Amino acid sequence: MMPDNKYGPLEKYLRSLPISQEDVTMTFEFIEQVLNSELPPSAYQDRAWWGNQQQGTYVEAIAWMDAGWMVDTVDLAEKQVHFVRQ
């Protein structure tokens, strides 16, 4: 985890979940509380922002994937994301 990574707190939170927990659903609001920062507008508007990509400029995806999780589903209307353990 890079210290300047805005999404480091999310990675830390996901790593802290019990190994027996196989999935977790979080509201965008809860994620913002974990980050102590607002998600970018694209997180609210573009499902692709939540893509599971470890290459390129998707620093948010690296945070959850390095923690051993993947985005399963995103509900932009309900403003929540469902993660599953890899």
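Odds and ends about this structure:
Per-residue answers, yes or no, for (1) over 12 Å from the mean Cα position of the chain (by Cα); (2) assigned to a helix (DSSP H, G or I); (3) surrounded by 12 or more Cβ atoms within 10 Å (Cβ to Cβ):
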position	(1), (2), (3)
15	no, yes, yes
25	no, no, yes
33	yes, yes, yes
39	no, no, yes
57	yes, no, no
60	no, yes, yes
63	no, yes, yes
78	yes, no, no
84	no, no, yes
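- Flag if residue 48 is under 11 Å from the mean Cα position of the chain (by Cα), at pLDDT below 95, of a type outside the set (D, E, K, R) and not in a loop (DSSP other than H, G, I, E, B): no
- Conditions (1) of a type outside the set (Ser, Thr, Tyr); (2) part of a loop (DSSP other than H, G, I, E, B); (3) in contact with a helix residue (DSSP H, G or I) (Cβ under 8 Å, 6 or more places away or on another chain): number failed by residue 43: (2)
The values are calculated or read from the model by the stated rules, or taken from the named source; none is laboratory data. Owing to the predicted nature of the structure, the values given are computational and were not obtained by experimental measurement. Here Cβ is always computed from backbone atoms with ideal geometry, including for glycine, and neighbour counts include all displayed protein chains.
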